[in-house]
C-alpha cells in the first residue's frame, strides 16, 4: 500500500523565493532591532526579551494579512495573556495547574475580546514558567518585557511591510462616501452576504471578511474574462486624441480644456510617449496658487501635471477597467503600447460597451 503524504499538507500557497526571503529578512530585522532596543531600555535585566516574540514575528512578517497578526491582536492579546499568566503564577501554587489554566483562560479571554494571537499562549506560559527573574517582576512583567517587546516588534513590522509594498495593518474595503456597499458590491456579492455565511461557521477561519470580499471580487472578474464575447480595450478606445505637450504653457492647456470640454488631457512628448496627465482641477489649483505672491512660479504643463498614471494595453480585456471607473471614479484611462499613447477610454465608452453586452445577453 502506497502512503501519500500530500493529504497531510495544508492547502497553502507557496510564495515565490523573493517573497520568502522578504519574510525571513523581516523577522531577522524585527527581532534583532526590537531586542536591541529592549536591551538598551532594560539594561542587564535577565528577561529583557521573551521567546514568544519569535512566534509573533512569524505572523507579523510571514502572514501579515492574517487577522491573528493585526496590531490589536499582538498588543491586546499579549497584554491579557501576561496579566492572566501573572495572576495564575501568584495564586496557584501547583505549577502544572497554573500554566495549563493560564493558557486556557488566555484563549477564552482573547477570543472574547477579538484579540486572538497564538503566541500569546506562550506569553501566559512564560509568566508561570519563566523562573525567578520573571516571578520577581510580578505585574511589571505585563509592561516590560511583554508590552514593550510587542510595541517595538509591531512598529518595525509596520515600517518593514509598508516599505516592501504590503498593506499592513489590513483595512476594511468600505464605501467612503456612504454606508451603502460600494458600487461593485451592489451588483455582486455584498459584505452582508459574507457576514451571513460566516455567522453560521462554528470554526474560526484564519482569514478576514475583507480578504474574502477582495478574493471573491477578483475571482468574479477572472470568471467574466473567460467570456468569448468580452470586449478588449482596442475595440472601444478613441484614437483621434487631443493631447498636451510638457512644454506647453498652462494658459494654452486651459484654452484646450475650454475648446473640448474635457476633465483631463494626456501629456506626451514629441514622439507620442505618454509623460502624464493634466486634470482641469489641477489647473484650477494652479490659478489659486498664482494669486499667492509667496508661491513658486509655475508656467508650463510639466510643472503641474500628474506623472503617476494608470494605463492599460490595447489587448487588455475591458473588464479590467471597471474597478477604476466604478470604485475610484476615473473619467479617462490612457491606452499605451510600448509606452506610447495610442488611445483613450472614457467612462462614456465603458457605459456604451456595457450596454451593448447587456443587450446581447437579453437577446
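The values are calculated or read from the model by the stated rules, or taken from the named source; none is laboratory data. As the structure is a prediction and not an experimental result, all values here were calculated from the model. Ideal geometry is used to build each Cβ from the backbone, glycine not excepted, and the neighbour counts take in all protein chains shown.
General remarks:
- Residue count for segment 128-143, restricted to those that are in a helix (DSSP H, G or I) and over 23 Å from residue 154 (Cβ atoms): 6.
- Residues (crowded, with 17+ Cβ neighbours inside 10 Å and modelled with pLDDT of 90 or more) located in segment 38-57: 52, 53, 56, 57
- Of all residues in segment 346-363, those that are part of a helix (DSSP H, G or I) have Cβ atoms under 7 Å from Cβ atoms of residues that are at pLDDT below 80, 6 or more apart or on another chain, in 360/229.
- Qualifying residue in segment 315-329 (condition: at pLDDT below 90 and surrounded by fewer than 12 Cβ atoms within 10 Å (Cβ to Cβ)): yes
- Residues of segment 298-324 that turn out to be touching a strand residue (DSSP E or B) at 6+ places or on another chain (Cβ under 8 Å) and in a helix (DSSP H, G or I), as a count: 6
- Condition check for residue 272: free of Cβ contacts under 8 Å to residues at least 40 places away in the same chain and more than 24 Å from residue 351 (Cα to Cα): no
- When segment 146-173 is filtered for residues that are under 13 Å from the mean Cα position of the chain (by Cα) and outside any loop (DSSP other than H, G, I, E, B), the ones remaining, listed by number, are 158, 161, 162, 163.
- Residues that are farther than 22 Å from residue 317 by Cα number at least 1 in the following helices (runs of 4 or more DSSP H) confined to segment 196-297: 209-225, 250-260, 280-290.
Quick grid of which residues meet (1) within 30 Å of residue 361 (Cα to Cα); (2) under 37 Å from the mean Cα position of the chain (by Cα); (3) at pLDDT below 90:
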position: 236; (1), (2), (3): yes, yes, yes
position: 241; (1), (2), (3): no, yes, no
position: 257; (1), (2), (3): no, yes, yes
position: 297; (1), (2), (3): no, no, yes
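- Residue in segment 151-169 that is more than 21 Å from residue 28 (Cα to Cα), touching a residue at least 24 places away in the same chain (Cβ under 8 Å) and in contact with a helix residue (DSSP H, G or I) (Cβ under 8 Å, 6 or more places away or on another chain) present: no
- Test: residue in segment 282-295 that is closer than 27 Å to residue 321 by Cα and surrounded by 10 or more Cβ atoms within 10 Å (Cβ to Cβ): yes
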